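This report concerns only the one structure given below.
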Amino acid sequence: MTYETISVSKVTPNIGAYISGVDLSQALSDQTFEEINSALVENQVIFFRDQHMSPDQHKDLGRRFGSLHVHPVAPGIAGHPEILPLHSDAKVQYAASAWHSDVSCDQQPNLGAILYAKVLPEHGGDTMFASMHAAYEGLTGQMQHFLSGLEAQHGSEHIFGPPKKAGDKRPTAVHPVIRTHPVSGRQGIYVNGSFTTKIVGMKPKESAAILQFLYQHIDTPEYHVRFQWEVNSIAFWDNRSTQHRAVADYFPQTRTMHRVTVNGDKPFYRPNA
């Protein structure tokens with residue numbers, strides 16, 4: 001695609017690009033929105049430097065891409081339930097340090113998330129992203145064919161704990177193991193070591209063996225990009241085609257991030273024509 005209102009610089013051949021030439025605190029023109037959306041789908045995660053947004057501007061940016069998600073368990077920042085704070089310090093170490101796709105346990109998992117760096121440690125605290133398109137394309141045709149007819153169970157109680165009060169949500173869902181991207185049509189692996197619990201219809205040993213193979217395959221460095229944060233940087237990832245993990249190497253220093261998450265649609269698998 002030709003970009004006219006933004007500049008796009010790829011980080012790796014498989015995943016990641018830096019975007020410049022846009023102020024995300026301002027309303028996006030239709031053309032700029034389309035170009036950012038295209039860059040997101042093509043590169044799967046896009047990075048912005050030196051952005052200055054209020055909470056309302058952060059939410060406005062997210063709403064340009066769809067309705068906003070409210071986390072089923074974790075509370076938002078004061079007055080903004082749609083903004084999820086991810087905070088670590090000397091008392092509390094919060095880091096989602098295992099590969100995952102955000103709340104894949106939902107019936108309609110997120111389209112993507114816009115993560116904004118507020119406070120960072122002196123060193124460390126990077127985030128890694130993995131391309132599920134590249135991981136799928138790195139499989140043999142025989143393995144792709146085998147996986148294409150499978151579905152997997154995704155759960156959340158083993159992560160969030162049992163419900164503590166009436167109204168607490170502990171979602172579960174069944175999704176295809178291979179997911180077709182609704183915009184690009186590319187195929188991608190859609191199981192992760194955090195939320196996926198089993199492959200439907202298989203014996204436990206069969207399910208565990210296949211899932212462990214896929215998790216090890218996803219961990220291939222050639223499918224990854226690593227983002228080194230700066231204060232006021234933004235990472236916007238496509239949750240339909242990536243997994244990510246935080247690098248928890250900065251304790252006891254403080255790291256505070258704000259995340260706006262965009263609602264998505266139900267995963268599906270459609271064979272390539």
Members of region 99-122 found to be exposed (fewer than 15 other Cβ atoms within 10 Å of the Cβ) and either over 25 Å from Ile19 (Cβ atoms) or free of Cβ contacts under 8 Å to residues at least 12 places away in the same chain (or both), listed by number: Gln107, Gln108, Glu122
Positions within region 241-258 being hydrophobic (A, V, I, L, M, F, W, C), closer than 15 Å to Trp99 by Cβ and assigned to a loop (DSSP other than H, G, I, E, B), in sequence order: Val247, Ala248
Residue within region 77-98 that is surrounded by 17 or more Cβ atoms within 10 Å (Cβ to Cβ), among the aromatic types (Phe, Trp, Tyr), in contact with a strand residue (DSSP E or B) (Cβ under 6 Å, 6 or more places away or on another chain) and within 20 Å of Val260 (Cα to Cα) present: no
Residues of region 170-196 satisfying the condition of being out of contact with any Asp or Glu (no Cβ under 7 Å at 6 or more places or on another chain), of a type in the set (Val, Ile, Thr) and crowded, with 17+ Cβ neighbours inside 10 Å: Ile178, Thr180, Ile189, Val191, Thr196
Residue in region 249-258 that is modelled with pLDDT of 95 or more, closer than 30 Å to Asp23 by Cα and of a type in the set (A, V, I, L, M) present: yes
Identity of the residue in region 186-240, among the hydroxyl-bearing types (Ser, Thr, Tyr) and not in a helix (DSSP H, G or I), that ends up nearest to Met257 (Cα to Cα): Ser233
Every residue from region 171-181 that is within 14 Å of Thr242 (Cα to Cα) and in a loop (DSSP other than H, G, I, E, B): Val177, His181
Pair list, Cβ under 6 Å, 6 or more apart: region 19-48 residue crowded, with 21+ Cβ neighbours inside 10 Å, other residue modelled with pLDDT of 95 or more and polar (S, T, N, Q): Leu24/Gln51; Glu35/Thr5; Gln44/Ser131; Gln44/Ser241; Gln44/Thr242; Val45/Thr242
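If I filter region 171-189 down to residues being out of contact with any strand residue (DSSP E or B) (no Cβ under 7 Å at 6 or more places or on another chain) and on the phi < 0 side of the Ramachandran plot, which single residue comes out as modelled with the lowest pLDDT?
So the first thing to find is which residues in region 171-189 are out of contact with any strand residue (DSSP E or B) (no Cβ under 7 Å at 6 or more places or on another chain), and the list is 171, 182-186.
Adding the requirement that they be on the phi < 0 side of the Ramachandran plot leaves 171, 182-184, 186.
Values: Pro171: 81, Pro182: 97, Val183: 97, Ser184: 97, Arg186: 98.
Here the residue is Pro171.
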Residue in region 120-170 that is farthest from Val247 (Cα to Cα), counting only those that are of a type in the set (A, V, I, L, M) and at pLDDT below 95: Ala166
Members of region 117-147 found to be farther than 21 Å from Val41 by Cβ and either in contact with a Ser or Thr (Cβ under 6 Å, 6 or more places away or on another chain) or assigned to a strand (DSSP E or B) (or both), listed by number: Ala117, Lys118, Val119
Residue count for region 49-58, restricted to those that are surrounded by fewer than 20 Cβ atoms within 10 Å (Cβ to Cβ) and part of a helix (DSSP H, G or I): 3
Which numbered condition Thr2 misses (of (1) more than 22 Å from Met257 (Cβ to Cβ); (2) at pLDDT 95 or above): (2)
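The values are calculated or read from the model by the stated rules, or taken from the named source; none is laboratory data. Predicted model only: the values in this text are computed from it and were never measured. Using ideal geometry, Cβ is built from the backbone for each residue, glycine included, and neighbour counts are taken over all protein chains shown.
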